[in-house]
1. Averaged over all directions, how much area does the convex hull of the C-alpha atoms of segment 141-200 cover when projected, in nm²?
2. So if each residue of separation counts as 0.36 nm, and I subtract the Cα-Cα distance between Val45 and Asn5, what length gain in nm does that give?
Amino acid sequence: MDQLNWSLAIDLIMAVIIVWMLLKGRADGVVKKLGGLLSLAAGLVLGRAARAQYAELVAERWVTPAIGRLLTHARESLGLADLLENLTEILNKASLPGFLKVNVTESVTTRGGAFLDSAVNTASNVVGLRLSGWLLFFVTAILAYVLVRIIFNGVIDPVISNLPIIGQINSFMGLVLGAVLGAVLSIFLLWLAYHLVPALSQPGGPLSPEAVEKSYLTRFCFQIFPGLFKIK
């Protein structure tokens, strides 16, 4: 398949994505489209804020103690404490000088137990804080996203769509926004394929610099959005 055919294939795929997003934008209206974008932005912003503000509190009160109990149970299940006791007994029975036997046995018993306790505490604190942060982020982001979408789709959009002139403007602007989002989405998918499958960008491949350069829609999008997901 020559470069011209690959370029036509790229144009066809991009055209399908853009037309689909265009029609969907016209049907949804700009208010619903903006509601989706604002929902995503609100989720990300509030999720990060909740993680920064309350992660340590949630970790300290609930998550870290729970992980500590889990790791303690795992340590007991693995028999690490019994291993130290058996090692101590072996050292007591060993033919070692008295002073050396006492020092070695005390070191194994005391420092070994302290090391296990310290390892459990450290792991509990680190994992508990990280896990608390991500749980807060995802839960808050999802709740904020759903709440903002409900407000836009269930309250604002029905009112705007039913207004005689404003409703038509809403549909037209949704069409324009849908076309823009379709162009961005199509370029992003090309960029993703370009970087995830390097073979596609090899000479003669569907995403080689020559094929991309001959694609009308790709060049058009790069002219409108210079530097956007550059793949050439």
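1. Details: hull surface 22.7 nm².
The Cα convex hull of segment 141-200, projected and averaged over all directions, gives 5.7 nm².
2. Values: separation 40, 0.36 × 40 = 14.40 nm, distance 4.36 nm.
My answer for the length gained is 10.0 nm.
Readers should treat all values here as calculations from the given coordinates under stated rules, not as data from a laboratory. Since we're looking at a predicted model, the values are computed, not measured.
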